[in-house]
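Below are the C-alpha cells for one structure; questions will follow.
The values are calculated or read from the model by the stated rules, or taken from the named source; none is laboratory data. None of the values given here were measured: they were computed from a predicted structure. Positions of Cβ are backbone-derived with ideal geometry, glycine not excepted, and every protein chain shown enters the neighbour counts.
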Amino acid sequence: MALTDTLSHPARTRPFGSGLVTHVSRSDVHNFHKQNVGEIELVAGLGVKDDAHLGATVQHVVRVKEDPTKPNFRQVHLIHEELFAELAGRGFKVRAGEIGENITTRGLEFLKLPAATRLHIGTSAIVEVTGLRNPCRQLDRFQPGLMAALLDRDSDGNLIRKSGIMSIVIQGGIVRPGDAIEIELPPHPHQPMNRV
C-alpha cells in the first residue's frame, strides 16, 4: 500500500504490531483440521472458496441445526502463530491449520483488537473482525487438556478466549503465506470482541 493511501485513511494504523500471513488453510468438508495450501481465495460476503464454512448463512454444523438462516459471522478464522509457541511451553504440539483456522499470522495481537476492526491482507483482500472463536470440546479429542489451555482469566477474573478470531469477507482476493496484514481500526468508541 502506498504512503498516500495510508494518509488518506487516518483510522488505518498499526498500534498492535505489523502482521504477516504465515500459512493459509482450507477444507471442503467439516473436519476439525484444515489442510495447508499455497493460497486461498476470499470471496466477499461468503468466506474462503472451497472451504466447508463458505456461505452467507451459518455453516458450522451445530449452528446450522440451531437456525440455518442466521448470518455467517464465522466466514474466516484467523489464529496468531505465537499461540502455538505458548502452547508448546505447556506441552502441546499444534501446527498451522490443525485447530481449524484459515489464516495463520505472525506479529498481530488479535485478542486486543476491537470488534469491527478491518484487516487488509495482501494486495486486495479485506476482512472485518466479528468476534472471538469459542474453544470447543473437539480440542480435547485432538489433544487432552487443550481446551482448558486455550482459556484464561484476566486480573479482574474475566474469561479470555485464546483460540483465534472470526471475521467476514468485505472485499475478496487471493491470500498467500508472506502477505502483509494492515490494521484499520473502527471509529470510536471501540467495542470489545465477544464470542461469535
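Does region 161-170 contain at least one residue that is closer than 24 Å to Arg63 by Cβ, surrounded by 14 or more Cβ atoms within 10 Å (Cβ to Cβ) and among the polar types (S, T, N, Q)? Before you say what the answer is, go through the steps one by one.
First, the residues of region 161-170 that are closer than 24 Å to Arg63 by Cβ: 161-170.
Checking which are surrounded by 14 or more Cβ atoms within 10 Å (Cβ to Cβ) leaves us with 161-170.
Narrowing further to those that are among the polar types (S, T, N, Q): 163, 167.
Yes, region 161-170 contains at least one residue that is closer than 24 Å to Arg63 by Cβ, surrounded by 14 or more Cβ atoms within 10 Å (Cβ to Cβ) and among the polar types (S, T, N, Q).
Here's a follow-up. Among Val58, Val48, Val76, which is the only one that is β-branched (Val, Ile, Thr), modelled with pLDDT under 95 and under 30 Å from Pro144 (Cβ atoms)?
Values: Val48 fails: modelled with pLDDT under 95; Val76 fails: modelled with pLDDT under 95.
Of the residues listed, the single one that is β-branched (Val, Ile, Thr), modelled with pLDDT under 95 and under 30 Å from Pro144 (Cβ atoms) is Val58.
Considering only region 106-125, how many residues are touching a Gly at 6+ places or on another chain (Cβ under 9 Å), assigned to a strand (DSSP E or B) and surrounded by fewer than 24 Cβ atoms within 10 Å (Cβ to Cβ)?
1
Assess whether Gly19 counts as being at pLDDT below 95, among the small types (Gly, Ala, Ser) and buried (at least 21 other Cβ atoms within 10 Å of the Cβ). Write out each step before concluding.
Numbers: at pLDDT below 95: yes; among the small types (Gly, Ala, Ser): yes; buried (at least 21 other Cβ atoms within 10 Å of the Cβ): yes.
So Gly19 passes the test.
Name the residues in region 30-60 that are outside any strand (DSSP E or B), among the aliphatic types (A, V, I, L, M) and crowded, with 17+ Cβ neighbours inside 10 Å, would you? Can you show your working first?
Taking region 30-60 as the starting set, the residues that turn out to be outside any strand (DSSP E or B) are 30-34, 38-39, 44-46, 49-56, 58-60.
Among the residues that remain, those that are also among the aliphatic types (A, V, I, L, M) are: 44, 46, 52, 54, 56, 58.
Of everything in region 30-60, those that are outside any strand (DSSP E or B), among the aliphatic types (A, V, I, L, M) and crowded, with 17+ Cβ neighbours inside 10 Å turn out to be Leu46, Ala52, Leu54, Val58.
Follow-up. Take Glu86 and tell me if it is under 18 Å from Ser25 (Cβ atoms), touching a Lys or Arg at 6+ places or on another chain (Cβ under 9 Å) and either of a type outside the set (Ser, Thr, Tyr) or exposed (fewer than 14 other Cβ atoms within 10 Å of the Cβ) (or both). Quick ask: steps written out before the conclusion?
Numbers: under 18 Å from Ser25 (Cβ atoms): no; touching a Lys or Arg at 6+ places or on another chain (Cβ under 9 Å): yes; either of a type outside the set (Ser, Thr, Tyr) or exposed (fewer than 14 other Cβ atoms within 10 Å of the Cβ) (or both): yes.
No, not satisfied.
Taking region 185-196 as the search range and keeping residues that are more than 15 Å from the chain's Cα centre (by Cα) and in contact (Cβ under 8 Å) with a residue 24 or more places away in the chain, which one is surrounded by the fewest Cβ atoms within 10 Å (Cβ to Cβ)? So that I can check it myself, show each step before the final result.
First, pick out the residues of region 185-196 that are more than 15 Å from the chain's Cα centre (by Cα): 185-192.
This time we only want the ones that are in contact (Cβ under 8 Å) with a residue 24 or more places away in the chain, so: 185-187, 190-192.
Numbers: Leu185: 18, Pro186: 16, Pro187: 7, His190: 13, Gln191: 10, Pro192: 12.
Applying the filter and picking the extreme gives Pro187.
Which of the strands (runs of 3 or more DSSP E) found entirely inside region 126-174 contain at least 1 residues meeting this: within 21 Å of Pro192 (Cβ to Cβ) and either touching a residue at least 24 places away in the same chain (Cβ under 8 Å) or under 12 Å from the mean Cα position of the chain (by Cα) (or both)? Working first, answer last.
Details: elements: 151-153, 159-161, 165-171.
Output list reads 159-161, 165-171.
Could you tell me which residue of region 61-89 is farthest from Glu101 (Cα to Cα), considering only residues that are in contact with a helix residue (DSSP H, G or I) (Cβ under 9 Å, 6 or more places away or on another chain) and either assigned to a loop (DSSP other than H, G, I, E, B) or among the polar types (S, T, N, Q) (or both)?
Lys70
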